[in-house]
Each structure stands twice: as C-alpha cells, then as structure tokens.
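Below is one structure; the comments refer to it alone.
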Amino acid sequence: MYQEVILDHYKNPHGRGLRDGDAEVHHVNPTCGDEITLRVKYEGTTISDVSYEGQGCSISQASASVLNDLLVGKDLAEAQRIQETFLELMQSKGRVEPDEEMEEVLEDAVAFAGVSKYPARVKCALLSWMAWKDATAQALQDAGAEPGRTTA
Ligand code: ZN
C-alpha cells in the first residue's frame, strides 16, 4: 500500500514546475544520481509556494511531490514541525512504526517509513526536504531577520 502512494506521486507529481520564488537552490544526491532544483515563495511567514524540477529515482521525485502537498499554505513553524517529524521517521532505521499522531502530521509522507530501513535510499527521500530547508534559510535571510521587515 505504501509503495502505491509513492508510485502515485512519482507518476502524477503535485505542484511540479518552477514558478516565481524568493530563493532557489539546487541539490544533488550523488550516490543515486537524484537532482532537484527547488524554489520557495513566502508571504510573511506563510509558505505560498514550493516549486521544483527534478530527475532521479521514484523515491526522490515522489518525496518532492509529497513535500509540496504538505508544506504549501503552512506557516513556517508548522512546516518545520512537519520537516522534523519526517526527518525523525527517516532516521529511525525502520524502528519507528508511525502512530496515529505521526500519520496526522505526515499524511502521505508516512509511506516512506519502509524506506528508512535502507540507508542509501534515505538520502533519496530527504533530498527535497533538505533543499526546502536550505531555500527557506536563504529566503528568510534575504527578507531580513525580522519577518515583515522591508529593507531599504
Ligand atoms: Zn534516489
């Protein structure tokens, strides 16, 4: 069942394509050959868009689609909680069995639980999430330390 969720996102990626953004990053996973270019757009502290283009294995590409689903429209603090929960699951080496609370936070991303048993594939699943974190840091830095503050 989990495999189907991943394959479905791979075949029908959500929000794919590059659109206007506040920051852009390009991340690669050399061990598998996955690549992603990702842009984030913020309105204050709300994520108004995460757009991306990428190539590589089904896990890396499906993960970017799930990220788009989960993070667009969320406030930064909520998005960070989701990212940290996903990171915890992916670094669990298969020891964490997602409970109801985790499923509520991660939605389709719980489908990657089985991937956490395979260290080489964990990097595939985390590629877009690391890119998002990096792009967010850049976007917020460019916007100034205080949210909503305009630079002269
Ligand atoms: Zn991969």
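Enumerate the calculated ³J(HN,Hα) couplings along region 68-76 in order (Karplus 6.51 cos²θ - 1.76 cosθ + 1.60, θ = phi - 60°), each rounded to whole Hz, writing x wherever the residue is Gly or Pro.
Working through the residues one at a time gives 4, 4, 7, 9, 5, x, 8, 6, 3 Hz.
At 1.4 Å probe size, what's the solvent-accessible area of GLU88? Round to the nearest 10 Å².
Around 100 Å² of this residue is reachable by solvent.
In percent, how large is the relative contact order of region 4-137, given Cα pairs closer than 8 Å and 6 or more residues apart?
Details: 247 pairs, mean separation 38.4, N = 134.
Normalised by residue count, the contact order of region 4-137 is 29 percent.
Provide the net charge surrounding PRO13, with neighbours chosen by a C-beta distance below 11 Å and charges set as Lys +1, Arg +1, Asp -1, Glu -1.
Details: positive: LYS11, ARG16; negative: ASP8, GLU53, ASP69.
That works out to -1.
Would you mind checking which residues have amide H under 5 Å from TYR42's amide H? H placed 1.01 Å from N; only 5 or more apart, or other chain.
ASP22, SER48
Tell me the net charge near ARG39. Cut-off is 13 Å between Cβ atoms, ARG39 excluded, with +1 for each Lys or Arg and -1 for each Asp or Glu.
Numbers: positive: ARG16, ARG19, LYS41; negative: ASP20, ASP22, GLU24, ASP49, GLU53, ASP134, ASP142.
Summing Lys/Arg as +1 and Asp/Glu as -1 gives -4.
Kindly write out, for region 39-52 in residue order, the coupling ³J(HN,Hα) from the Karplus curve 6.51 cos²θ - 1.76 cosθ + 1.60 (θ = phi - 60°), rounded to whole Hz, with x marking Gly and Pro.
So the J values, rounded to whole Hz, are 10, 10, 10, 10, 10, x, 9, 9, 7, 8, 6, 10, 10, 7.
I'd like to know which of SER60, TRP132, GLY15 lies farthest towards the positive end of the charge dipole of the chain, counting +1 on Cβ of Lys and Arg and -1 on Cβ of Asp and Glu.
SER60
Considering only DSSP beta bridges whose two residues both sit in region 4-137, what percent are antiparallel, to the nearest 5?
On the way: 18 of 19 bridges.
In region 4-137, approximately 95 percent of DSSP beta bridges are antiparallel ones.
Given a 1.4 Å probe and every protein chain left where it sits, what share in percent of the accessible area of the chain is carbon and sulfur?
Working: 3870 of 8090 Å².
Carbon and sulfur together cover 48 percent of it.
Testing the spin-label approximation: label points 7 Å from Cα along Cα→Cβ at HIS26 and GLU104. State their distance in nm.
Each label point is offset 7 Å from its Cα along the Cβ direction, giving 4.2 nm.
Per residue, what accessible area does the chain have, given a 1.4 Å probe and all protein chains present, in Å²? List each step's numbers first, then the result.
Values: 8090 Å² over 152 residues.
That works out to 53 Å² for each residue.
Quick check on the chain: take the gyration tensor over C-alpha atoms, sort the square-rooted eigenvalues as a ≥ b ≥ c, and tell me if it's rounded (a/c under 1.5), prolate or oblate. It would help to have the intermediate numbers written out before the result.
Numbers: a/c = 1.93, a/b = 1.52, b/c = 1.27.
Note, shape of the chain comes out prolate.
If you add up the charges near SER51, with Lys and Arg at +1 and Asp and Glu at -1, over every other residue whose beta carbon is less than 12 angstrom from its beta carbon, what do you get?
Numbers: positive: ARG16, ARG19, ARG39, LYS41; negative: ASP20, ASP22, GLU24, ASP49, GLU53.
Charge balance near SER51 sits at -1.
Sorted by average packing, counted as other Cβ atoms within 10 angstrom per residue and highest first, what order do 116-122, 23-29 take?
Numbers: 116-122: 15.1, 23-29: 18.0.
Those peptides, ordered most packed to least, come out 23-29, 116-122.
So how strong a dipole does the chain carry about its Cα centre when Lys and Arg Cβ are +1 and Asp and Glu Cβ are -1, to the nearest 20 debye? Kindly include the intermediate steps, with their values, before the conclusion.
Details: 14 positive and 26 negative charges, 120 e Å.
The dipole of the chain has a size of about 580 debye.
The values are calculated or read from the model by the stated rules, or taken from the named source; none is laboratory data. No experiment lies behind these values; they were computed from the predicted model shown. Quick reminder, even Gly has a Cβ in these numbers, built from the backbone with ideal geometry, and neighbours come from all protein chains shown. Calculation scope for accessible area: heavy atoms of the full protein, side chains included, ligands and nucleic acids excluded. Shrake-Rupley method; radii C 1.70, N 1.55, O 1.52, S 1.80 Å.
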